[in-house]
Amino acid sequence: MTSRPNGEPLVRLSGVNKWFGELHVLQDIDLEIARGEVVVVIGPSGSGKSTLCRTINRLESIEKGEIAIDGELLPEEGKQLARLRSDVGMVFQSFNLFAHKTILENVTLGPIKVRGTSKADAEKRARELLERVGVSAQADKYPAQLSGGQQQRVAIARALAMDPKVMLFDEPTSALDPEMINEVLEVMIGLARDGMTMIVVTHEMGFARRAANRVVFMDGGRIVESADPETFFNHPSSARAKDFLSKILDH
Amino acid sequence: MQFLIDNFALFRDAFLTTLSLSLLAGVLALVLGTLLAALRVSPVAPLRGLATFYVETFRNTPLTVVFFFMIFGLPQIDFVIGFFPGAVLSVGLYTAAFVAEAVRSGINAVSAGQAEASRAIGLTFGQTLREVVLPQAFRTVVPPLGNVWIAMIKNTSIAAGFSVSELSSLLPRLVNANAGDLLTVLLGVVVGYMLITLPSAYVVHRLERRVAILR
C-alpha cells in the first residue's frame with residue numbers, strides 16, 4: 001500500500017533507558033522512524049510499549065539515551081519542549097478531550113494558543129477536520145455528550161489541527177466498545193494512506209496488517225523483533241513473538 | 001425596635017464597613033490563593049516550597065496574631081499601615097492560605113489526562129493551568145470556596161479588636177451605654193452578618209449548579 005519511506009529518520013531513539021523506581025521499563029531502545037512510515041508497536045501488557053510511545057513527546061522523561069524529532073533533540077522542559085510537542089500529535093487511550101470545552105473549542109485551542117492562528121481561521125480548519133473524521137454535526141456539543149468512538153475521532157482531529165510531523169497513538173481503541181473500534185481505525189487508516197508518519201501502540205492486529213509498514217514487537221522493556229507485517233505475522237523469528245501471536249491470533 | 005431606628009446610621013455604617021472589608025479581603029484572598037495553588041503544583045521546586053511555606057505559616061497562625069503583627073508589628077520596622085487597610089491585609093492574606101488549599105484540591109481532582117493532553121498539543125505549563133486545569137478545578141471548588149468565604153466574613157469580626165468600626169464593634173460600644181438593649185444590639189449585629197452570608201450561600205448554590213459539568 002503506502003510506498004516505502006526513505007530519507008533521514010523523522011524520529012530517532014538511541015540507547016533509550018527508563019526506570020520506574022526499580023523497574024527497568026525501557027532497556028536500550030534503538031528505533032528509527034522514517035518520514036511517512038507507519039510503525040505499529042505491539043507486545044504484552046507491561047512490555048513498555050505505551051511508555052515508549054509517551055517518551056517520544058516527553059510525557060515520560062528518560063534516564064539515559066537520546067530522542068530526536070526531525071533532527072532536533074528533545075529539550076528538557078520549558079518553552080522549547082512545548083514547541084516541539086506541538087509538532088507531535090498524540091492520541092490517548094482515554095481520549096482526554098477537554099471536558100469544559102465544546103468539540104470545536106477542543107480542536108481550536110492549540111492552533112489559537114500555540115500557533116497564534118486567528119479564531120476564524122482556526123474554526124474553519126477545525127470544521128474541515130471534524131468533517132474529515134465524521135463528527136462535524138457534533139461541533140457545539142461537549143465531550144461527555146459524544147460516544148467513545150466520536151470522542152476519539154475528535155481527539156484525532158485535535159491532534160491534526162496542529163499539523164503535526166508525526167502522530168503518536170497510545171492504544172487508541174482499547175477503551176472503546178467493540179462496535180466503535182472500526183470507525184476510529186478507518187480514520188487512522190485514512191491518515192496512513194495520506195502519508196502521515198505514525199507510531200501506533202495497539203492490540204488491533206488487523207490494523208497492523210492493513211496499514212503498517214513495520215511491526216515492532218516489545219517484551220520486558222526491549223524491542224525483541226522488528227519486521228514488516230507480512231514477515232512478522234507469518235514468520236516471526238523470536239520464540240517470544242511466536243508465543244504472543246499464538247495467544248492472540250488463534251481466536 | 002425604636003433603639004435600632006435611633007441608631008440606624010451607626011448600624012448602617014458598621015454594616016458597610018464589614019461588607020467592604022469582606023469584599024476587599026475576599027478579592028485579595030481569591031487572587032493570591034489561586035496564585036499560591038498554581039505555585040504549589042508548579043514544576044519549579046523553589047516556587048512550590050515558597051507557596052507551601054506561605055500556606056503553612058498563615059494556616060497555622062491565629063488570625064488575631066496576624067492582625068497584631070499587621071497593626072502593631074509592622075510599625076516596629078517603620079511600616080505604618082492604617083487600621084482598615086491592615087484589617088483587609090490581615091483577613092485577605094490569612095484567607096488566601098485556605099483558598100489555596102481548596103483550589104489545590106480542585107486541581108488535584110482534574111484528571112491527569114487533561115493536563116497531558118494540553119501539554120501534548122504544545123501548551124506551556126502556564127497555558128495548561130489557565131486554559132484547561134483551573135477552569136475545571138474551580139467548578140469542583142465552588143462549594144468549599146463558599147465555606148471559606150462565609151468563614152472569612154465572620155472572621156472580619158476580629159477587626160473590632162483593632163479599631164475598625166465594623167459590625168461586631170457595635171456590641172461593646174452600644175451595650176456599655178444601653179445594657180437594657182443587649183438583645184436588640186445582638187439581633188442587629190447578627191442580622192447584619194446574615195445580610196451578607198445568606199445571599200452569599202444562595203449565590204454559591206446557584207453558581208454550583210451553573211458550572212456543574214459533565215464528565
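Looking at the range A:32-48 only, could you name the residues that are outside any loop (DSSP other than H, G, I, E, B) and open to solvent by less than 10 Å² (accessible area, probe 1.4 Å)? Within the range A:32-48, A:Ile33, A:Val38, A:Val39, A:Val40, A:Val41, A:Ile42 qualify. Going through the range A:77-94 one residue at a time, which ones are in a loop (DSSP other than H, G, I, E, B) and touching a residue at least 12 places away in the same chain (Cβ under 8 Å)? Selection gives A:Ser86, A:Asp87, A:Phe92, A:Gln93, A:Ser94.
Counting only residues that are surrounded by 17 or more Cβ atoms within 10 Å (Cβ to Cβ) and within 14 Å of chain B (Cβ to nearest Cβ), the range A:127-147 holds 5 of them. Checked against (1) hydroxyl-bearing (Ser, Thr, Tyr); (2) open to solvent by 50 Å² or more (accessible area, probe 1.4 Å); (3) touching a residue at least 24 places away in the same chain (Cβ under 8 Å); (4) assigned to a helix (DSSP H, G or I), B:Tyr202 passes all but condition (3). Is it true that B:Phe98 is in contact (Cβ under 8 Å) with a residue 60 or more places away in the chain, among the aromatic types (Phe, Trp, Tyr) and over 30 Å from A:Pro164 (Cα atoms)? Considered against the rule, which asks whether it is in contact (Cβ under 8 Å) with a residue 60 or more places away in the chain, among the aromatic types (Phe, Trp, Tyr) and over 30 Å from A:Pro164 (Cα atoms), B:Phe98 comes out as yes. If a residue must be more than 11 Å from chain B (Cβ to nearest Cβ) and under 13 Å from the mean Cα position of the chain (by Cα), how many such residues does the range A:54-94 contain? Within the range A:54-94, residues that are more than 11 Å from chain B (Cβ to nearest Cβ) and under 13 Å from the mean Cα position of the chain (by Cα) number 1.
Filtered by the rule that a residue be open to solvent by 40 Å² or more (accessible area, probe 1.4 Å), touching a residue at least 60 places away in the same chain (Cβ under 8 Å) and assigned to a helix (DSSP H, G or I), the range B:43-67 gives a lone residue, B:Thr64.
Count of the range B:95-115 residues, restricted to those that are open to solvent by 30 Å² or more (accessible area, probe 1.4 Å) and either part of a helix (DSSP H, G or I) or more than 14 Å from chain A (Cβ to nearest Cβ) (or both), is 7. In the range A:100-112, the residues that are within 10 Å of chain B (Cβ to nearest Cβ) reach residues that are open to solvent by less than 10 Å² (accessible area, probe 1.4 Å) and among the aromatic types (Phe, Trp, Tyr) with C-beta atoms within less than 6 angstrom, at least six apart or across chains, in these pairs: A:Asn106/A:Phe98. Of the residues that make up the range B:7-15, is at least one touching a helix residue (DSSP H, G or I) at 6+ places or on another chain (Cβ under 6 Å) and outside any helix (DSSP H, G or I)? No: the range B:7-15 contains no residue that is touching a helix residue (DSSP H, G or I) at 6+ places or on another chain (Cβ under 6 Å) and outside any helix (DSSP H, G or I). One residue alone among B:Gly122, B:Gly92 is of a type outside the set (S, T, N, Q), outside any helix (DSSP H, G or I) and touching a helix residue (DSSP H, G or I) at 6+ places or on another chain (Cβ under 7 Å), and that residue is B:Gly122.
The values are calculated or read from the model by the stated rules, or taken from the named source; none is laboratory data. Since the structure is predicted, the reported quantities are computational estimates derived from the model, not experimental observations. Note: ideal-geometry Cβ built from the backbone for every residue, glycine included; neighbour counts use all protein chains shown. Note: areas computed on protein heavy atoms with side chains; ligands, DNA, RNA excluded. Shrake-Rupley method; radii C 1.70, N 1.55, O 1.52, S 1.80 Å.
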